Amino acid sequence: MGRINVLSFEVANLIAAGEVVDRPASAIKEMMENSIDAGAHRITVEVNNGGSTFMRVSDDGCGMEPTDLPLAIRRHATSKIETAADLDGICTLGFRGEALAAISSVSHLRIISKSRELSMGAMLEVDCGEVIELVEQGASDGTTVIVEDLFANVPARRKFLKRDVTETAAICANVERVALSHPEISFKLITDGQQRLETYGDGKLLSAVYSVFGKDFASKLISVDGEYEGIGVSGFVGRSDNVKGNRNYQSFYINGRYVKSRTASAALEQAFSSYLPAERFPVCVLFISMSPARVDVNVHPAKLEVKFSNEKLVFESIYYAVKQALESNVSRPQMNVSLPRPSVTNAFAPVERGQSLKARQISMDVPTANRSEAVSAPRSEPRSSADEKFLHYRVDGNSAAPAQRMSAKDYLDMYVNDLKKAGNSGPYSDSIDTPAPQPPATPAEKAVESTGTPAGTGEGGLPVRVSEHVAQGLAALADKDAGEKGAHEADSTMQAQDVQAQDVGVGGATWRLVGEVFNSYIIVESGEKMLLIDKHAAHERIIFEELKAGMYASGVQSQLLLLPVEVMLMSDEVSAIEEYRGELEAVGFEFSCTGNFISVSAIPSGISQDAVADMLAVIADRIKNGTGNVGVTRNIIFEKALYQASCKAAIKAGREYSEEDNRWIVSRLMELPDITVCPHGRPVAMEMSKRNMDRQFERT
Ligand code: ADP
Ligand code: MG
């Protein structure tokens, strides 16, 4: 007698059930998708005890006829496809005909449904795969599926369910993801009798984002809308002050279906790479649309993973769409005054011994991903009419809205572990926060500064670099600022009240350099605004922009060195430099390699030769580590290398440089108004309006 048994229908169903429905959250997802496929406008999800005892999904969709009810719970019974050819053009969320079969075989299930065409509905009751009854029943149009005692007949699986709160969190996350992908449907989620979420269903993605992630999150977004080789990418990405410590807030949808995709995450992060602080992850809600034939969703029973016929193209479409959105987004962080006001009596009270008189402090609204304050926030706050207005006001995601103190909802984190940070760049080493001792200015340096003569081969990096910048800055400003020049040359120490020049920036806006504090921040008055500029960050960004421009356009300016600079690198680094010779020459380097030595005979103009060794070392390192990632093109790798290198070439915070250097930086910054963050994503400048200042000082 042979030993092979054909498994019974029930056993086969049980095995299949394990794949489709592994926890209550996946059952909820399947049921919601059925409601969406049925054309519902309203979907209500209710669960108790993490879904293990009770789940109900009701919709106002097309409903089912009584005779279809027993078929709905049969395996491979679906109304969505018929032939194998249909698999190439799937437009519905479901198509495998497995979900209801799976759920009904491991629970006590009731489906109450009424088709719009019929006057009477019906109810089908199934217990662990066994049909109990099918009866006529009055019902409103649409379908309600009730699932009780999930995994009642599979104790092993029931034992593996996590704590109720964890399962509930997983359900919430699934409902939110689905709600985001269908702003035209109003979703309501009730867990253990409490409403957790309700979306408007007004068709606006931003409304859905607002309901799901909260006001603060929704106010810090940039809209994305691009098309590349037939692939559409639209939705929102977070501004650089709306970033997270993990990838949990990256939601990608391929043709409306939520997916986890390394390619998509990698493309998003690459696009953000010169906008983001180290170890921070961009957030997004992005919809990628492409012909269904170009993507295979049939690789995973839960349909969470997809296969693209052209991975690189998908990468590029996301990368370029996001990059373009970032480049066209211009908004500077605002400075906030944060301490409570002292009362009038206190202000005039004598200061007691040991008590210091504190001025009100100015705090910067800088990017922060500190989420601890947000964790216990209520999920959905009632909407006021002011909130509604805010929603519409923020629709383009571009204008700088005042920072909101509302917190985003964070319990997505409760069950999703951080994805491995693979593909993220290593720890960022930067000199901005380590003020170096100020080099004493030698008479020779002063001489160089005061003549403004570029002296590319001079000794000592600082005066050389400084004078080049002075020369360039002065050339740019020559006709506008001729009278001021002499005065500043006489004394390079910043004296706020001495500087009264009005410079002209882009669009004719005038600006005045007021001074510098802590050898780090330049103060500028421009129109009705005061700007505080981080000089290192600004210089870094300016160098990066110039190198990048050189990279994409030929005819770059480079400066010949009288004596070549010898740089020693590891042999694999030398090969990396050789491999990217074309790109390096495009930005202005000229060099020859012998063994482990690179002899550099020309460098990009505006760069100090002292920075060359460091720059080449980081470029080589980046190139070495950048290869091997899907879809990452040479250009992307090289661009990343350039922004690391820009940091090495930029002037340092905490060191004193001449006022002309500061002036040059400001003038370049004003010519490039879209510079808001340094290549590592930290803010370059903050602003405070006169109106705001007047208000803080109670003048208005
Ligand atoms: P699939 O969605 O892959 O077709 P399911 O097992 O999820 O498979 O559902 C089987 C069938 O039951 C669907 O094809 C659909 O015809 C019907 N159905 C399920 N849920 C609903 C619903 N909420 N409204 C209308 N029809 C439904
Ligand atoms: Mg389905």
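Computed values, structure above
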item	result
Unique residue being touching a helix residue (DSSP H, G or I) at 6+ places or on another chain (Cβ under 9 Å), among the polar types (S, T, N, Q) and at pLDDT below 90 when the list is ASN34, ASN49, ASN13	ASN13
Test: residue in segment 296-306 that is in contact with a Ser or Thr (Cβ under 9 Å, 6 or more places away or on another chain), over 21 Å from VAL20 (Cα atoms) and either assigned to a loop (DSSP other than H, G, I, E, B) or modelled with pLDDT of 90 or more (or both)	no
Segment 64-76 - residue that is within 13 Å of ASN34 (Cα to Cα) and either in a loop (DSSP other than H, G, I, E, B) or at pLDDT below 80 (or both) and, of those, nearest to ligand 1 (Cβ to nearest atom)	MET64
Selection within segment 639-678 - part of a loop (DSSP other than H, G, I, E, B) and more than 22 Å from THR510 (Cα to Cα)	ALA650, ILE651, LYS652, ALA653, GLY654, ARG655, GLU656, TYR657, CYS678
Whichever residue in segment 27-54 is polar (S, T, N, Q) and more than 16 Å from ARG196 (Cβ to Cβ) and, among such residues, is nearest to ligand 2 (Cβ to nearest atom)	ASN34
Residue among SER605, SER599 that is hydroxyl-bearing (Ser, Thr, Tyr), without any contact (Cβ under 8 Å) to a residue 60 or more places away in the chain and on the phi < 0 side of the Ramachandran plot	SER599
Hits in segment 660-672 - residues which are surrounded by 22 or more Cβ atoms within 10 Å (Cβ to Cβ) and charged (D, E, K, R)	GLU660, ASP661, ARG663, ARG668
Residue in segment 77-95 that is modelled with the lowest pLDDT, counting only those that are out of contact with any Phe, Trp or Tyr (no Cβ under 8 Å at 6 or more places or on another chain) and more than 9 Å from ligand 1 (Cβ to nearest atom)	ILE90
Hits in segment 229-267 - residues which are of a type in the set (S, T, N, Q) and either surrounded by 22 or more Cβ atoms within 10 Å (Cβ to Cβ) or farther than 13 Å from PHE281 by Cβ (or both)	SER234, SER240, ASN242, GLN250, SER251, ASN255, SER261, THR263
Qualifying residue in segment 171-186 (condition: of a type outside the set (Phe, Trp, Tyr) and closer than 23 Å to ASN329 by Cβ)	yes
Residue among TYR275, TYR258, TYR319 that is part of a loop (DSSP other than H, G, I, E, B) and aromatic (Phe, Trp, Tyr)	TYR275
Any hit, segment 646-655, residues being farther than 27 Å from TYR521 by Cβ and modelled with pLDDT of 80 or more	no
Qualifying residue in segment 96-106 (condition: within 16 Å of ligand 2 (Cβ to nearest atom), modelled with pLDDT under 90, at positive phi and not polar (S, T, N, Q))	yes
Every residue from segment 33-70 that is over 14 Å from LEU150 (Cα atoms) and small (Gly, Ala, Ser)	SER35, ALA38, GLY39, ALA40, SER58, GLY61, GLY63
Every residue from segment 229-274 that is among the aromatic types (Phe, Trp, Tyr) and more than 13 Å from GLY681 (Cα to Cα)	PHE236, TYR249, PHE252, TYR253, TYR258
Residue list for segment 44-55, restricted to those being surrounded by 22 or more Cβ atoms within 10 Å (Cβ to Cβ) and within 13 Å of ligand 1 (Cβ to nearest atom)	VAL45
Of residues in segment 27-43 being near ligand 1 (Cβ under 9 Å from one of its atoms) and out of contact with any strand residue (DSSP E or B) (no Cβ under 7 Å at 6 or more places or on another chain), the one farthest from GLU184 (Cα to Cα)	GLU30
Segments classed as strands (runs of 3 or more DSSP E), wholly inside segment 528-602, with at least 3 members that are crowded, with 17+ Cβ neighbours inside 10 Å	529-534, 558-568
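Yes or no, residue by residue, for (1) farther than 19 Å from ALA40 by Cα; (2) crowded, with 18+ Cβ neighbours inside 10 Å:
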position	(1), (2)
ALA122	no, yes
PHE151	yes, yes
THR166	yes, no
ALA169	yes, yes
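The values are calculated or read from the model by the stated rules, or taken from the named source; none is laboratory data. All figures in this text were calculated on a predicted structure; none of them were measured in a lab. Note: ideal-geometry Cβ built from the backbone for every residue, glycine included; neighbour counts use all protein chains shown.
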